[in-house]
1. Check residue 43 against each of (1) open to solvent by less than 10 Å² (accessible area, probe 1.4 Å); (2) more than 20 Å from the chain's Cα centre (by Cα) and name the one condition it does not meet.
2. When the residues of segment 256-285 are narrowed to those that are open to solvent by 60 Å² or more (accessible area, probe 1.4 Å) and in a helix (DSSP H, G or I), which ends up farthest from residue 217 (Cα to Cα)?
3. What tally of residues in segment 87-111 results from selecting those that are open to solvent by 30 Å² or more (accessible area, probe 1.4 Å) and more than 15 Å from residue 141 (Cα to Cα)?
4. Residue 195 fails exactly one of the following numbered conditions: (1) at pLDDT below 90; (2) open to solvent by 70 Å² or more (accessible area, probe 1.4 Å). What is the number of that condition?
5. Quick one: what pairs do we get from segment 126-141, first residue under 15 Å from residue 230 (Cβ atoms), second among the hydroxyl-bearing types (Ser, Thr, Tyr), C-beta under 8 Å, 6+ apart or different chains?
6. Here's a check for you: in segment 235-253, which residue that is touching an Asp or Glu at 6+ places or on another chain (Cβ under 9 Å) and open to solvent by less than 70 Å² (accessible area, probe 1.4 Å) is farthest from residue 267 (Cα to Cα)?
7. Step by step: first the residues of segment 286-307, then only those that are closer than 12 Å to residue 225 by Cβ and either crowded, with 24+ Cβ neighbours inside 10 Å or polar (S, T, N, Q) (or both), then the one that is farthest from the chain's Cα centre (by Cα). Which residue is that?
8. Inspect all residues belonging to segment 119-135 and state whether any of them is in contact with an Asp or Glu (Cβ under 7 Å, 6 or more places away or on another chain), under 20 Å from residue 232 (Cβ atoms) and not β-branched (Val, Ile, Thr).
Amino acid sequence: MAKLLGTVIFILLIVGSSFDVAQAKVMISELEWKSDYHMALWRAKSEGKIALFYFTRPGHMQVAQDEFENDTLSNEQVRKHLQEMVLISVPVSYTVQYNNAPKQLQSFPDYDRLRDLPGVALVDYRNKNSPFYAKVISAYPFINHAYTLAPIYKPFKAWSATTLLALLQDIPMGTLLERDVALSKHPSVSGTYFELVPNGSLIAINNADWENIHLTNKARQRVGRKPLAYSHHLSLGCRGHAAWMDGRNNLSHASGVRENIAMGYYNASAIVNMWINSSGHYNNMINGSSNYIGVASHNDYWCQRFQ
């Protein structure tokens, strides 16, 4: 979706904009931030740079925004990286033209975890031959003063210099999911796997669920399919259905959804391997029209859903 959005906006710029018009800008921590999304994205694409978005919302998580602007952006190492990027600062309510109508930027799937919250996002326009080109590769809202990565409860501030440096120089390019996992294992943010959910909270995800997704995406990669992004909404449905099956000792499909279910397997590797060797389950896993995956298990009942 991010790539499609970038393409749409790039076309709009060519048709309806003049490139010699001065770009709107704001100064934050003595850094120049573009405030015209369309022109800033065109610049990132034409110059082959990563775009850093800073979504603002005055009065909401103001302490976090102040720390980001006054401390993180003043960090010498951070500033060296920012000098090689296109910086964009827009309010959380910012809209773009999409299908001839205004649409809130944060309502697009890759930005959805930021919905109505201040935060940062990275879009890769630097690595043109990468499968992640023109896609959102990181997105973190400023919430709850510090994230908690259960079970060790180590503070994790998305707006800190430590976290931003990890994202800019240590975490390899990848999907949002892959970079989430890599960040959770980074020495500065060590802990278990985690997920951000739309209401702004952070919860731990068990390792079996992440392995389930990872092995499914490896199976897709072997046949040239794009990796699936993690969906909290789909996973909630999986959790409910797995618990329902377990409570009734009844292995049965829910209606109106595309899913894989199973029972009796002891780990994610075994269950995914079984699905791979079952044509109907395997076809669900490698379906080219899918973009998102949800997973869950309850005791020995397992569920995957696709969208």
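The values are calculated or read from the model by the stated rules, or taken from the named source; none is laboratory data. This structure is a prediction, so every number in the text was calculated from the model and none was measured. Heads up, the Cβs are rebuilt from the backbone with ideal geometry, glycines too, and the neighbour counts pull from every protein chain shown. Ligands, DNA and RNA are stripped out before the accessible areas are found, and what is left, the full protein with its side chains, is counted by its heavy atoms. Shrake-Rupley method; radii C 1.70, N 1.55, O 1.52, S 1.80 Å.
1. It fails just one condition, (1).
2. The extreme case among them is 279.
3. Residues flagged as open to solvent by 30 Å² or more (accessible area, probe 1.4 Å) and more than 15 Å from residue 141 (Cα to Cα) within segment 87-111 amount to 10.
4. Failing condition for residue 195: (2).
5. 135/175; 136/111; 137/175; 139/111; 140/163
6. Ranking the qualifying residues of segment 235-253, first place goes to 237.
7. Result: 287.
8. yes
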